[in-house]
There are 2 protein chains.
Amino acid sequence: MTEIKIFSPATVANVSCGFDVLGFCLDGIGDEMIVRKTPEKGIKITKIKGYDLPNEATKNVAGVAALALIEDAQPDCGFEIEIYKNIKPGSGVGSSSASASGSVFAINELLGRPYSKTQLTYFAMKGEALASGSEHADNIAPGIFGGFTLVKSTVPLEVVELPTPNDLFAVIIHPQIEIKTSEARAILPKDIPLKNAITQWANMGSLVHALHISDYQMIKRSLIDVVVEPYRSRLIPHYNEVKLAAFNKGALGCGISGSGPSIFTLCQGQIQAEQVELAMREVYSQTDIAFNTYSCKINTTGIKILATDS
Amino acid sequence: MTEIKIFSPATVANVSCGFDVLGFCLDGIGDEMIVRKTPEKGIKITKIKGYDLPNEATKNVAGVAALALIEDAQPDCGFEIEIYKNIKPGSGVGSSSASASGSVFAINELLGRPYSKTQLTYFAMKGEALASGSEHADNIAPGIFGGFTLVKSTVPLEVVELPTPNDLFAVIIHPQIEIKTSEARAILPKDIPLKNAITQWANMGSLVHALHISDYQMIKRSLIDVVVEPYRSRLIPHYNEVKLAAFNKGALGCGISGSGPSIFTLCQGQIQAEQVELAMREVYSQTDIAFNTYSCKINTTGIKILATDS
């Protein structure tokens, strides 16, 4: 195999009670990438379509992640990367993660899979650091592993693969506003009440349990964020109305995707997801904020191979 | 049935990363209680052996819990209660909870089980409030449900029954010192760093996952408390030495049981539990603090019926 085409999905991080550690993988929305072996060593980004991003490897998240991998692997060849971006940077559904994860996933395939998923996550984190200023894996892990993932720790890196109930759907609404990650971070307090922290870890425990036993109502009772949402939701206009609209249609949970501005909901079944999507659209339709929505089953596979040359 | 004899076990609350919500049930150590229907209505405590506790029903946790139940049930009879206490009050393994849980469990059996385990937990919390000043269920739930329990919320009361891996043992060491619950509470900060809270809920999530898949090494990597232990461990002399001794023998985790002074460890298998128990004993043997230890498999049944008159 000398060439591979992959689909690298969008992901949701900061899932309610799992702020900073829990994420899940979307389907249908994601970047496509083609990666090719080259006789010349090193990483070259030969094409970027969709959004205007740097094509110098050391300044592009996909390039930096790939460089981290080949520095370790020391292969006898190099790689060129074409990126067809569909995930808008800054939308809150892991745009930079998708690029970083996709490049290391593809190169690993071309090299005959020398690395584990956890190792790929580690390399992709180097790319993510370029975009966000710090190495974190809460968008990368769900993209590489699929389904729900818990980044138990980053040093040493430990990713826990959680089970995904079969009938779980996600709906995303992306209001076309800009939230600076730096602002989203600055708004968070350094210290939080112990009382709220206890509520959060009780919900985290029951959410993991509920995912294991596919108890949708317990998932609903657990998808509560008493720590971060009260601060960050202020940055997203009409957040509370969207949330209320989603709950009125039976959504299991609703929260800020990543650091926003996208809002995610989790739903039981496609019919509920469609109704929730309509209700969320309805809220923003009455404003002058442009937006788009999409819904999908939780993607339990993660990055997918679309084509190879052998 | 007019008479029942039960065993109400000791329990461990505040299990490492699950401070205030996670508990588990011990075996072999617990109180025995005999409860009898009487023609005369109301609750009478007719005997207390083992420790000097009030036998006026409204001043005894078993009595208060029983009164809460009969106020709701309005039975045509009353009950007399004999308490044979083996769990020393103030030892940190749920002495008051065992009395409160035992009395409502026994009365529920005598009445033909009108109440669910969650309802019994609710009544027992009324008794617990007498002992500790606030209604909490983190010792009561594991006694009534058995195994590992997560008190997801107290208002409304929701207890989540977690799975217990088959080869999980607990070792307890009880140094005979007094820690006032008020002091153990006062030493805790009202606010904690968000960073530590995140670590705690990541560990909580991975612990619940590890219990589901019986991954003992993941249990070990998750049984970490970065929030409460650093404060409360100061109240227990030789705590760090005991912990180190337990880990040197392979213990999966070690923490403060309840608000102390008992220290618990969790172990994989009986042989490891025996070695850990010896190592913990060794530490306190070199001090002038009296202590006792015991070890057992996790009790997945909870309160047990020892005898009935029919």
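The figures follow:
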{"read-out": "From phi via Karplus (6.51, -1.76, 1.60), per-residue ³J(HN,Hα) for region B:175-187 in Hz, x at Gly/Pro", "value": "x, 7, 10, 9, 10, 6, 4, 4, 5, 4, 6, 5, 6"}
{"read-out": "Charge dipole (debye, nearest 20) of chain B; +1 at Cβ of Lys and Arg, -1 at Cβ of Asp and Glu", "value": "280"}
{"read-out": "Proximal aspartates and glutamates relative to B:LYS126, as straight alpha-carbon distance under 16 Å, when same-chain residues fewer than 8 apart are discounted", "value": "B:GLU56, B:GLU71, B:ASP72, B:GLU135, B:ASP138, B:GLU158"}
{"read-out": "Chain A: DSSP helices with Cα axial extent of at least 27 Å and average Kyte-Doolittle hydropathy no lower than 0.0", "value": "A:194-213"}
{"read-out": "Separation of the A:MET1 and A:ARG234 label points, Cα + 7 Å toward Cβ, nm", "value": "4.9"}
{"read-out": "Placed amide H near B:ASP191: partners under 5 Å, 5+ positions off or other chain", "value": "A:LEU194"}
{"read-out": "Inter-chain Cβ neighbour average for residues A:183-191, partner chain, 10 Å", "value": "2"}
{"read-out": "Calculated [θ] (222 nm, deg cm²/dmol) that DSSP helices of n ≥ 4 give over the protein assembly as shown, each run adding -39,500 (n - 2.57)", "value": "-11500 deg cm²/dmol"}
{"read-out": "Highest-fluctuation residue, A:THR164, A:THR11, A:THR38 considered, GNM on chain A with Cα pairs under 10 Å", "value": "A:THR38"}
{"read-out": "Rounded, prolate or oblate (a/c below 1.5 giving rounded, otherwise prolate when a/b exceeds b/c) for region B:53-180 by Cα gyration tensor", "value": "oblate"}
{"read-out": "Position B:THR287, label points 7 Å along Cα→Cβ, spacing to each other copy in nm (shortest first, one decimal)", "value": "5.8"}
{"read-out": "Per-q log10 I(q)/I(0), region A:1-55, q = 0.15, 0.18 Å⁻¹ (Debye; single scatterer per alpha-carbon; no solvent)", "value": "-0.66, -0.81"}
{"read-out": "Nm distances between copies for B:GLY133, ranked from closest, using label points 7 Å along Cα→Cβ", "value": "4.3"}
{"read-out": "Volume in Å³ per residue [convex hull over Cα atoms, computed for region B:181-246]", "value": "103"}
{"read-out": "Span from the region B:14-56 Cα centroid across to the region A:256-310 one, whole angstrom", "value": "51"}
{"read-out": "Listed residue pairs exceeding 20 Å between alpha carbons, taken from B:LYS44/B:LYS304; B:LYS59/B:LYS190; B:LYS5/B:LYS117; A:LYS49/A:LYS297", "value": "B:LYS44/B:LYS304; B:LYS59/B:LYS190; A:LYS49/A:LYS297"}
{"read-out": "Nitroxide proxy distance, nm - points 7 Å out along Cα→Cβ at B:GLU82 and A:GLU282", "value": "6.6"}
{"read-out": "Cα gyration tensor shape of region A:168-297, rounded if a/c is under 1.5, else prolate or oblate by comparing a/b with b/c", "value": "oblate"}
{"read-out": "Region A:126-199: relative contact order as a whole-number percent, Cα under 8 Å and 6+ apart", "value": "16"}
{"read-out": "For A:TYR84, inter-copy label distances in nm, listed shortest first [label point 7 Å out on the Cα-Cβ vector]", "value": "7.7"}
{"read-out": "Rounded FRET efficiency, nearest 0.05, which uses the C-beta distance separating A:TYR294 from A:LEU244 and R0 of 22 Å", "value": "0.60"}
{"read-out": "Overall dimensions of the protein assembly as shown by Cα: Rg and Dmax, Å", "value": "27.5, 95"}
{"read-out": "Calculated FRET efficiency for the pair A:LYS47/B:GLU274, C-beta based, R₀ 60 Å, to 0.05", "value": "0.40"}
{"read-out": "Average other protein chain Cβ within 10 Å of Cβ, residues A:220-228", "value": "2"}
{"read-out": "Per residue, the convex hull volume that the Cα atoms of chain A enclose (Å³)", "value": "123"}
{"read-out": "Region B:168-297, dipole about Cα centre (Lys/Arg Cβ +1, Asp/Glu Cβ -1), debye to the nearest 20", "value": "300"}
{"read-out": "Rg over Rh, two decimals, region A:1-94 (C-alpha only, Kirkwood Rh)", "value": "1.02"}
{"read-out": "Rounded, prolate or oblate (a/c below 1.5 giving rounded, otherwise prolate when a/b exceeds b/c) for region B:103-175 by Cα gyration tensor", "value": "prolate"}
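Computed from the coordinates by the stated procedures, all read-outs in this text should not be read as laboratory data. This structure is a prediction, so every number in the text was calculated from the model and none was measured. Glycine gets a Cβ as well: all are built from the backbone with ideal geometry, and neighbour counts include every protein chain shown.
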